[in-house]
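Below is one structure, written out as structure tokens, with a few remarks after it.
The values are calculated or read from the model by the stated rules, or taken from the named source; none is laboratory data. Since this is a predicted model, take the numbers as computed values, not measurements. Positions of Cβ are generated from backbone atoms using ideal geometry, with glycine treated the same way; all protein chains shown enter the neighbour counts.
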Amino acid sequence: MNTQSLRNRFFVLRHGQSEANELSLIASCPTIAVERYGLTTKGREQVRESVSQQHEELKKVKRIYTSDFLRTRQTAEIAAEQLGVPIENELRLRERYFGQWDGQSDQNYQTVWAADHEDASHQKWGVESVRSVSQRTLEFLLSIDNENEGENYLLVSHGDPLQILITTVAGTDLRLHRQIRPLQTAALRCLADQEYLLS
């Protein structure tokens, strides 16, 4: 698919710096991360600044949908306060599950991403596959897009799910999701903007 086929405009926002980021830990298990590893003071400031910088574009946002992890909920709450719009939790925007690497050093992302580059369907180490993340995030996006037209929405999620969703919407090979310019903490993008895609 491509963004021209979308009936609505979607912005995506990665959560601000979290306590897990500060500790260099992977925090992908819902039973832990829904209640733990919220935003740091720096992370809160990042979100405020990111939303403020693009407030003019975001002022038409109708609703914010967020992963229910603590770090994303807190990010969505800050954005909602600045924009004056409601928030809704959406499980399909949750972090990618990193299997046996959960709770371990975030250096292990590199191991998973190297395997992703070979096979978007792999589930090595109990990791959720890129293809699975692509399917659930796209399914959610289309469920909103099919119900409305001409609206603006903000999706708050995590690095891998957003990278993978951007790759999916762009119609790019899923194995290449890490070749898109990475979303840093509190990075905000519009799905229609594709200047960050690698050719």
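Looking at segment 57-109, which of the residues that are of a type in the set (Phe, Trp, Tyr) and assigned to a loop (DSSP other than H, G, I, E, B) is surrounded by the most Cβ atoms within 10 Å (Cβ to Cβ)?
Narrowing segment 57-109 to residues of a type in the set (Phe, Trp, Tyr): 65, 69, 97-98, 101, 109.
Right, trim to assigned to a loop (DSSP other than H, G, I, E, B) and you get 69, 97.
Details: 69: 30, 97: 19.
Step by step, filter segment 57-109, then rank; the result is 69.
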Hey, does segment 41-64 have a residue that's touching a helix residue (DSSP H, G or I) at 6+ places or on another chain (Cβ under 6 Å) and of a type in the set (S, T, N, Q)?
no
Does at least one position in segment 150-169 carry a residue that is at negative phi, assigned to a helix (DSSP H, G or I), within 15 Å of the chain's Cα centre (by Cα) and of a type in the set (D, E, K, R)?
yes
How many of the residues in segment 123-139 are touching an Asp or Glu at 6+ places or on another chain (Cβ under 9 Å) and loosely packed, with under 15 Cβ neighbours inside 10 Å?
1
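Those residues that are polar (S, T, N, Q) and either under 23 Å from residue 145 (Cβ atoms) or touching a residue at least 60 places away in the same chain (Cβ under 8 Å) (or both), I need them from segment 1-52; list them, please. Spell out how you get there, then give the answer.
Narrowing segment 1-52 to residues polar (S, T, N, Q): 2-5, 8, 17-18, 21, 24, 28, 31, 40-41, 46, 50, 52.
Residues satisfying the conditions are 2, 3, 4, 5, 8, 17, 18, 21, 24, 28, 46, 50.
So in segment 13-37, with the set limited to residues that are out of contact with any Ser or Thr (no Cβ under 8 Å at 6 or more places or on another chain) and in a loop (DSSP other than H, G, I, E, B), which one is surrounded by the fewest Cβ atoms within 10 Å (Cβ to Cβ)? Explain how you work it out, then say what you get.
Kept after step one, since they are out of contact with any Ser or Thr (no Cβ under 8 Å at 6 or more places or on another chain), are these residues of segment 13-37: 20, 23, 28-36.
Cutting the leftovers down to in a loop (DSSP other than H, G, I, E, B) gives us 28-29, 34-36.
Details: 28: 22, 29: 16, 34: 17, 35: 10, 36: 15.
It comes out as 35.
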Could you check residue 171 against (1) modelled with pLDDT of 95 or more; (2) farther than 23 Å from residue 34 by Cβ and say which number it fails?
(1)
Restricting to segment 5-48, what's the tally of residues that are at pLDDT below 95 and small (Gly, Ala, Ser)?
1
Looking only at residues in segment 110-122 that are of a type outside the set (S, T, N, Q) and in a helix (DSSP H, G or I), which one is surrounded by the most Cβ atoms within 10 Å (Cβ to Cβ)?
116
Residue satisfying condition, being touching a Leu at 6+ places or on another chain (Cβ under 6 Å) and either more than 15 Å from residue 11 (Cβ to Cβ) or charged (D, E, K, R) (or both), within set 136, 71, 96
71
Specify which of the listed residues (150, 159) is over 16 Å from residue 133 (Cβ atoms) and small (Gly, Ala, Ser).
150
